[in-house]
Amino acid sequence: MPELLANLNPEQLAAVTLPNEPALILAGAGSGKTRVLITRIAWLIQQGLASPATVLAVTFTNKAAREMMARLQALLPIDTRGMWIGTFHGLCNRMLRAHYRDAGLPQTFQILDTADQLSAIKRLMKGLNVDDEKYPPKNLQYFINNAKEQGLRPKDVDVTDNFNRKFVELYEAYDQQCQREGVVDFAELLLRCYELLAYNAPLRAHYQARFRDILVDEFQDTNKLQYAWLKMLAGPANAIFAVGDDDQSIYAFRGANVGNMRDFEEEFRVKHLIKLEQNYRSHGYILDAANRLIEHNAHRLGKNLRTDAGHGEPVRVYEAATDSQEAGWIVEEIRALINTGLSRNEVAVLYRSNAQSRTIEHTLVNVGIPYRVYGGLRFFERQEVKHALAYLRLIDNPNDDTAFARVVNFPARGIGARSLEQLADAARLYNCSMAAAVPYVAGKAGSSLAAFATLVGRMRAETQQMSLPETVEYTVRMSGLAEFYQNEREGQDRLENLQELVNAATAFVSEEGYGLDTPARSIPLRPGATAAPEIVSDDGEIEVLDAPAITDPAQNPDLMTPLAGFLSHASLEAGDNQAQAGQDAVQLMTVHAAKGLEFTAVFITGLEEGLFPHENSAMEADGLEEERRLMYVAITRAKERLYLSFAQSRLLHGQTRYNVRSRFFDELPQETLKWLTPKVEAGARWGGRSDNAGYGRDWFSRPDRGASRDSYVESSAPLPAFANEQRAAETGFRVGQQVFHTKFGEGTITALEGSGTDAKAQVRFKRHGEKWLALAVAKLQPVE
DNA sequence: CATTTTCCGATTTTT
DNA sequence: TCGGAAAATG
């Protein structure tokens, strides 16, 4: 199909039509990366080189997977539903369901999301009487997930000290608890699937032979375990086609390892390295800014974006006195943009941390501009939804103690902490689940627990033949959740969400192509399938019975009941945060959340030392480089208009902080910048810049004297009057404030005098008495 | 058992 | 400062 390949540039075309050999595509921002990925799959299938069943494409988010399937569906007359396109977790879940016995899991295993995992850990520690002050559950959670992502089981973790030994012990106990309950956490999905392939040679060979083409999106975001999993699938006759951009690696903090790109190149002797450098998104000045900034990073694979578009508008820079003034200016500019006819959806306000959204939201509300904030609570994370899901999980797998503990007393049935303690004791004694331990609890507690057990048992029996939507509807009703929220004063929204859950189940059934009457708890036979397929392992001998799935992926390749599928879906895809979705609104989000998106006009706000780059990143290895990549991602979101802003002072956690403008301004090509406020040179800045002192250090510097009230030009909003704060703003300190001096220790400011470089403070130190200090010299730090 | 009070944390986040 | 979660109280 020539149309398929039409309009591809030479590099894109080369990438799309590469032979079946290891390939690494370095795809810059806005270079048509997704298009290459999708077109290659379509091209392979169309050429007869691959079939829908022999392609495996893996992404990081469900959104990306969905987009890929939808666009592929539009290109080819095939059903993409059965194709192995999904997230790492989604695909691992699918494989584990198909081979649950080989993986050592019950057929009805459930998936713990992050919150479930934490509550499981807390329950475990309580049962073992572990001091949660000394061993914070959150730290243990991090420890466990980190170990799993390194591919380490408890026995593989190096014990370095007693503290660490305790963590390893708890890790082991946690894994045992999960195994007993038939639950897996996110990292376990990947590790278990990796081990399944690693320890089962015939199965590994089967999948290596099956998946001729393995395509990976956002390869720079893969962690060690994900890469190891991919390597398990790479065999003698297939190849990995990896697409990524090392300059957009911004997830090191959650285990992403950019080094995987270099490792892949070496380990697979990658012959085909193609750089996509033609950018189809941004105007020239914006791209110049991005290119120049990222050049300051040392360890790059190397890439330079170019565009055929003209220079376009310069990058506008604004210095504000305060964060609220910054917000005022942003909102005025947005108003002007909208007045020129720009749609609100095409305007994004980006910030480094969520706390910054408040001021901007506040200002937008004041002038009545609709906006949408990304992030926040998502549908399947809502408490009422999680409650309903817990009942469904109990119906499917009674051993799921996390679900049991969640709803045993919700709605309230008189089962308090003491009853539960008795139950937990019994469960430990008989080494069984809480549900199974119910008969061993005597007395009043025993009878209320028994009533709950009877309820769940009845629900399980009565839903046996029901379809998924019927099961959900029945569960919401019989659990008493519907009634509870009905009677609750503020329960209407929650009640609606429960109804929405029923709708979600209906939508799920239809999207997955099940018949509406398919029982929720049996493995469905789809039209055309001859038998319920299953893979049985016998002494390492693998009998592959899923032949229909291989020739026709639309025919039930999953071996998953609709209920298991729905519960997995709920855990793996938390859903949208539905706040103000749909309407034409200005988009507010963190820079991280903006990755992959594009807007006509972009505001990057809070460009201050300590905030962006963030002070905490100074502690981490290569932290500054990651911050710079983050800035690179932010800049490359903009198509036509880019605005950068910063504020001299900012209210954060109830305290005013005085910040120096971000070093990133000095790393941008000055000729692309148009300062809307006078640019103050670093040398003229109070106290100067201390580039070698570690950038987390000097964010308490004085406000900028150069930018006094009347020196603003082109300022669309008047400066706020803050005369009563003037002294504080000028010196960065106020009388009565607690400060710390490197030599004299802690003290209280008793007086302030002078301004600018002559500013002095009188400080009463705890040990050294009262002293006058020249603020230009003394390194005073505020103390909370 | 439910409501009030206190306490803690505070960068980024998907699965 | 502020919001969620644990602890304290009626």
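Can I get the semi-axes of the stretch A:1-153's equivalent ellipsoid? Compute them from the C-alpha gyration tensor as square roots of 5 times the eigenvalues, in angstrom, largest first.
Largest first, the stretch A:1-153 gives 42, 19, 13 Å.
Please report, in Å, the Rg and the Dmax of the stretch A:112-181, where both are computed over Cα atoms only.
11.2, 30
Using a 10 Å cut-off on Cβ atoms, rank the peptides A:660-672, A:480-492 from the highest mean neighbour count down. Show your work: numbers first, answer last.
Working: A:660-672: 18.2, A:480-492: 14.6.
Most protected by this proxy first, the peptides run A:660-672, A:480-492.
Grab the beta carbon distance between A:Arg66 and A:Asn7, set R0 = 25 Å, and tell me the FRET efficiency rounded to 0.05.
Values: r = 24 Å, r/R0 = 0.96.
Here the calculated transfer efficiency is 0.55.
Mind grabbing the accessible area of A:Leu364 for me, 1.4 Å probe, Å², rounded to tens?
0
Compute the separation of the alpha-carbon centres of the stretch A:229-285 and the stretch A:118-197 and state it in Å as a whole number.
30
With every protein chain kept in the model, how would you rank A:Ser510, A:Ser249 by accessible area, 1.4 Å probe, largest at the top? Intermediate values should be presented prior to the final figure.
On the way: A:Ser510 80, A:Ser249 0 Å².
I get A:Ser510, A:Ser249, largest accessible area first.
Determine the alpha carbon to alpha carbon distance for each of A:Lys122/A:Lys224; A:Lys134/A:Lys166; A:Lys122/A:Lys155 and list only those over 18 Å. All intermediate terms of the calculation are to be shown ahead of the outcome.
Working: A:Lys122/A:Lys224 27 Å; A:Lys134/A:Lys166 10 Å; A:Lys122/A:Lys155 22 Å.
Those over the limit are A:Lys122/A:Lys224; A:Lys122/A:Lys155.
Binning every alpha carbon pair distance of the stretch A:18-70 at 10 Å from zero, what are the percents per bin?
20, 56, 24, 0
Protein chains only, probe 1.4 Å: how do A:Asp79, A:Asp308 rank by accessible area, largest first?
The most accessible residue leads, giving A:Asp308, A:Asp79.
Ignoring ligands, DNA and RNA, how do A:Arg494, A:Arg458 rank by accessible area with a 1.4 Å probe, largest first?
Numbers: A:Arg494 80, A:Arg458 120 Å².
The most accessible residue leads, giving A:Arg458, A:Arg494.
Could you tell me the accessible area of A:Phe143 in Å² (1.4 Å probe, neighbours in place), rounded to the nearest ten?
It works out to around 40 Å².
Please list the radius of gyration and Dmax for the stretch A:380-512, considering alpha-carbon atoms only, with Å as the unit.
Using the Cα atoms of the stretch A:380-512, the pair Rg, Dmax is 15.3, 48 Å.
Report A:Asp217's accessible area, 1.4 Å probe, all protein chains in place, as a number in Å² to the nearest 10.
Result for A:Asp217: roughly 10 Å² accessible.
Please compute the contact order of the stretch A:380-512 in relative form: average sequence separation of alpha-carbon pairs under 8 Å and at least six residues apart, divided by the residue count, as a percent. Please report the intermediate quantities before stating the final value.
Numbers: 122 pairs, mean separation 34.4, N = 133.
Worked out over the stretch A:380-512, it gives 26 percent.
Can you list residues from other chains, or at least 5 along the same chain, whose modelled amide H is less than 5 Å from the amide H of A:Ser467?
HN-HN under 5 Å from A:Ser467: A:Ala520.
Just round it to a whole percent: the fraction of Cα-Cα distances in the stretch A:368-413 exceeding 12 Å. Walk me through the intermediate numbers first.
Numbers: 685 of 1035 pairs.
Of all Cα-Cα pairs in the stretch A:368-413, 66 percent lie more than 12 Å apart.
Kindly rank A:113-121, A:30-38, A:406-414 from highest to lowest mean number of other beta carbons found within 10 Å of each residue. Could you put the intermediate results ahead of the total?
Working: A:113-121: 19.1, A:30-38: 22.0, A:406-414: 17.0.
Output ranking for A:113-121, A:30-38, A:406-414: A:30-38, A:113-121, A:406-414.
The values are calculated or read from the model by the stated rules, or taken from the named source; none is laboratory data. Here the structure is a predicted model, which means the values were calculated and not measured. So basically every Cβ, Gly included, is an ideal-geometry build from the backbone, and we count neighbours across all protein chains shown. For accessibility, only protein heavy atoms count, side chains too; no ligands or nucleic acids. Shrake-Rupley method; radii C 1.70, N 1.55, O 1.52, S 1.80 Å.
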